[in-house]
Amino acid sequence: MPESDPRPLQRLCASADLAERGKAVSFDVIQWREPVRAFALRYEGQAVAYLNRCAHVPTEMDWQEGEFLDRDRRYIMCSIHGAAYEPLTGHCVIGPCQRGRLTKIELTEREGEVYWHPTRDTQPAFED
Ligand code: FES
């Protein structure tokens, strides 16, 4: 797990914006000084977030904006070559991602709002 940073939590969205196994909410972060898209979705009641970057080839995975889950709404699926990831852990379960995993962004949900945790490596997009 990346080292925590004392930066304040960043508001991401309202809890109600993340419907169970619904469309993801996308947001922008800076990782290692490069802009990267990230996404959050709700699965089994839990809000989770990852960088939108496949473990196979570092490209964005959604087949339409915010659509990451497969037809059965069971796995996060990369639209490029079909890698499937466990939604709660980001671990690859099948496909060319092999033993890879998505880069997780820690979330906190409280009082109807979802916040993400910046780290030393992953920071809000509006900062240098
Ligand atoms: S780029 Fe995602 S499976 Fe190949």
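The values are calculated or read from the model by the stated rules, or taken from the named source; none is laboratory data. The structure presented is a predicted model; accordingly, all values stated were derived computationally and were not measured. With ideal geometry, Cβ positions are generated from the backbone for all residues, glycine too; neighbour counts draw on all protein chains shown. Surface accessibility is based on the protein's heavy atoms, side chains included, excluding ligands, DNA and RNA. Shrake-Rupley method; radii C 1.70, N 1.55, O 1.52, S 1.80 Å.
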Item to complete: Find, among the GluC sites (Glu not before Pro) in the range 1-96, those assigned to loop by DSSP (not H, G, I, E, B) with at most 14 other beta-carbon atoms within 10 angstrom.
Response: Glu3, Glu44, Glu65
Worksheet item: What ³J(HN,Hα) values, in whole Hz, does the Karplus curve 6.51 cos²θ - 1.76 cosθ + 1.60 give for the range 25-37 when θ = phi - 60°, with x put for Gly and Pro?
Response: 9, 8, 8, 10, 9, 10, 10, 6, 6, 10, x, 9, 7
Worksheet item: In whole percent, how big is the carbon plus sulfur part of the accessible area of the range 10-124, probe 1.4 Å, protein atoms only?
Response: 46 percent
Worksheet item: In the chain, which longest range has no chymotrypsin sites (Phe, Trp or Tyr not before Pro) that are both DSSP loop (not H, G, I, E or B) and surrounded by at most 16 other Cβ atoms within 10 Å?
Response: 64-125
Practice prompt. Over the range 2-79, give the accessible area per residue in Å² for a 1.4 Å probe, as an integer.
Written response: 55 Å²
Discussion item. Take Ile80 and Gln46, extend 7 Å from each Cα along the Cα→Cβ direction, and tell me the distance between the two endpoints in nm.
Written reply: 2.7 nm
Practice prompt. Distance from a point 7 Å along Cα→Cβ of Leu9 to each backbone N in the range 90-115: keep the residues under 14 Å and list them by number.
Written response: 106-115
Item to complete: Using amide H atoms built 1.01 Å from N in the peptide plane, name the residues 5+ places from Leu12, or on other chains, whose amide H lies under 5 Å from its own.
Response: Val114, Tyr115, Trp116
Practice prompt. State to the nearest 20 debye the size of the charge dipole of the chain about its Cα centre, where the only charges are +1 on K and R beta carbons and -1 on D and E beta carbons.
Written response: 340 debye
Discussion item. Test of understanding: given the chain, find the longest segment containing no trypsin sites (Lys or Arg not before Pro) that are in a DSSP loop and have at most 16 other Cβ atoms within 10 Å.
Written reply: 34-70
Worksheet item: How large is the dipole of the range 63-128 about the Cα centre if only Lys and Arg carry +1 and Asp and Glu carry -1, each at its Cβ, rounded to the nearest 20 debye?
Response: 440 debye
